[in-house]
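The values are calculated or read from the model by the stated rules, or taken from the named source; none is laboratory data. Source: prediction; values computed, not measured. Reconstructed Cβ throughout: ideal geometry from the backbone, glycine too, with neighbour counts over all protein chains shown. To get the accessible areas, we keep the full protein, side chains included, count just its heavy atoms, and leave off ligands, DNA and RNA. Shrake-Rupley method; radii C 1.70, N 1.55, O 1.52, S 1.80 Å.
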Amino acid sequence: MKRCAVLLSLAVLPSFAQLPPAISWQVKPIFPWVRKVVHLNGHFLAGGFDGEVMHSRDGEVWSGVYIGTRGVIGSITDFTFANGTYYAVQGPDLLLSTNLTDWRRITNQFSRPMNALLHHDGTLIAAGSDLWLSTNGNDWEMLSFRAPGILSLAFGNGLYVGAGSGIIISTNAIDWREVSSAGGYEVAFANDRFVVVGQRSVLVSTNGQDWSTVTNLSQAFGVTSGADTFATVTERGSIFSSEDATGWSEVLQVTENLLHSVAYGNDRFVVGGWGPVLVSEDGTHFRRAFSSPTSTRGIAQGNGMLVMSALIPEGGRPDMWTNQHALFISTNNGASWQFRTTPWTQSIHEFKFLNQNFLAAGGGLVALSDDAQQWKTKLLPGIWRAAAFGAGKYVVAGGLVGPAELAVSEDGTNWLKLPSILPEPVIGLAFAENHFVAVGGGVTGVNGFAASSSNGIDWEVQIEGLTNRLLDVAFGNEAFVAVGDNGAVLTSSNAVSWQAQSKFTTPDLTTVHFAAGLFVAAANAGTKIWTSTDGHAWSSYNIGFQQNYSDIEFANGRFFLTGADHWLVQSTPLLPRLDIIRANGLISLRLHIPLGMEAGIEASSDLLNWSPFEAIPRPQPDSSVTFQLSTDSNQQFFRARSEP
């Protein structure tokens, strides 16, 4: 079935630029700090500290949704599964889903925050300082028993056990009693025994009433069992294993602190916490399979992949982090991600897909790869902050203080550094209309400039001495658009003459991108995303989510925005866009085709009968095609259409 995207009547269409189409935006987690990991119904589920829910079959490829209000309610503390429905608790709220993607929130289902969930034999239990029961997941009843701050629930050998500030037991989930004032963070049942791990010790019981203390292990947060092995994780970043839960051996200590949770399923252990996701088939040999990024530095689409460049934690608590570089790769347009480490120890400032290669550039290196896995890395002294390809060569540019640094290469391997001919560091770079355009400014945020070059070697400064740095530049709809500090926007039709547009009432605009007929811009500490068809008139979208944005990409009908922390903002899919162009007495139609989409134009004289207008030629580099109309087209209607 064909979808009508835009309808234009040449008889009534005004000559001024069209407003951008309405776009909806969605905030998604790449991977959060993890509070809880469980295995349910063939899936690993991970709950984050800000309302993120992640899921994976193997602990290595993860998908996620954001279902919270950032920093307001708090962590997803537990999950369970019953009768085709997944349940989660976040504070006093209950969350329900049948597909792990769409979640329904029941606000204040419980009178106080809940920490633990359990389903057994048709009964759902929610526990915290109170205990609640349900047989259908919708109707809940609070028990009169006052629980001692329960954090975890387990069932085994006909007995329910809860652990927290104490240990409680029940044979029917209704009548409970406290059997120990000692408690812990989590309880598990396996090999005919209950195991409770906590801050000071490990408690073990074969009947739920009589508990023995294991003193050689403390500060443990999570415990599980599988492959004839118990595994527990600690706030010191250690993993311990045991055959009987009494004698424990440390099998791994990672440099990241605070491993919070461990689960077993699909023949593997999966560990989550502040930073890494660790996977093991035997409970003894663990490998890092994923990680929560501390910031994403760039995003690029090419060769069937969407790839993010990011920093991940490598040691210490959050205020002591040093960082290592990694990549997150998606082959299904951002629906799920897999993790790859890189050989780079230097900071990466720029990440793009240029000339059929991914290019990473940063502190003293430039690297190229066609698959984002095997990289050819060239050590190139300099601070490289921007890159572009055109006129048969790669150009990288940057600098830290004073004149810019520039280098060119025809193959991405052999580089020629150029003399310092631009007044300040380059921060943004683009190639279009046979011109490279570089923008930048001083480290103090002044002396912004724009320069151009036809070959990447010989440069001419076109405008300088601006009161704001220019931080990025993009080309589309026959215009260059540069953005910068304090909401600055400049436009140029020829890369030579630049005109300042009205500033946004926003912090520094850090990134701009053009695709599908739209410029999209975003800012530091911004809650808004800005769009424009021409760089002059802009519309803003308040997504209610503050982020320091670093890069924008367009792939398969969606815009993707990256920035600080572990968040990704993406748009709803865009349809083809049809614009009218009036210039020099001529009228043309311009069709913007989202990358990866089949689209065309249909014409009608009565809005009832439609026929193909013209064959679609090869799109321009900005994914648009333009048709000049004859003078007898004035009474025709036109519409864009896309194939499903």
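Quick look at the values:
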| quantity | calculated |
| --- | --- |
| 41 Å tail of the calculated P(r), the chain, as % of Cα pairs | 38 |
| Anisotropy class of segment 91-140 from Cα gyration tensor, a/c 1.5 cut | oblate |
| Qualifying trypsin sites (Lys or Arg not before Pro) for segment 91-193 [loop in DSSP, other Cβ within 10 Å: at most 14] | R146 |
| Mean accessible surface per residue for the chain, computed with a 1.4 Å probe while every protein chain stays in place, in Å² | 39 |
| Accessible-area composition of segment 513-567, carbon plus sulfur, in percent [1.4 Å probe] | 38 |
| Relative contact order for the chain, counting Cα pairs under 8 Å that sit 6 or more residues apart, in percent | 10 |
| Cα centroid of segment 362-401 to Cα centroid of segment 225-284, whole Å | 39 |
| Cut-off under 5 Å, modelled amide H: who pairs with I463 long-range | A450 |
| Net charge over other residues, Cβ less than 12 angstrom from the Cβ of W337 (K, R count +1; D, E count -1) | +1 |
| Accessible area of segment 97-243 belonging to carbon and sulfur atoms, whole % at 1.4 Å probe | 41 |
| Net charge, G392 excluded, C-beta distance under 11 Å - Lys, Arg +1, Asp, Glu -1 | -1 |
| Mean-position separation - Cα centroids, segment 561-613 and segment 425-491, in angstrom | 27 |
| Label-zone membership for segment 117-143, site D175, 7 angstrom Cα→C-beta point, backbone N under 17 Å | 143 |
| Sulfur and carbon atoms: percent of accessible area, segment 333-409 [1.4 Å] | 50 |
| Net charge of neighbours whose Cβ lies under 12 Å from the Cβ of A482, counting Lys and Arg as +1 and Asp and Glu as -1 | -1 |
| Calculated FRET value between T444 and N414, using beta carbons and R₀ = 35 Å, to 0.05 | 0.50 |
| About the Cα centre, charge dipole magnitude for the chain (Lys/Arg +1, Asp/Glu -1 at Cβ), debye | 660 |
| Distance (nanometres) between label positions extended 7 Å along Cα→Cβ at D458 and S218 | 7.4 |
| For D50, distant residues with modelled amide H under 5 Å away | I76 |
| Cα centroid separation, segment 101-118 to segment 142-182 (Å) | 19 |
| Derived scalar couplings ³J(HN,Hα) [segment 147-162; Karplus, 6.51 cos²θ - 1.76 cosθ + 1.60; whole Hz; x for Gly, Pro] | 7, x, x, 6, 10, 7, 10, 8, 10, x, 6, x, 10, 8, 10, x |
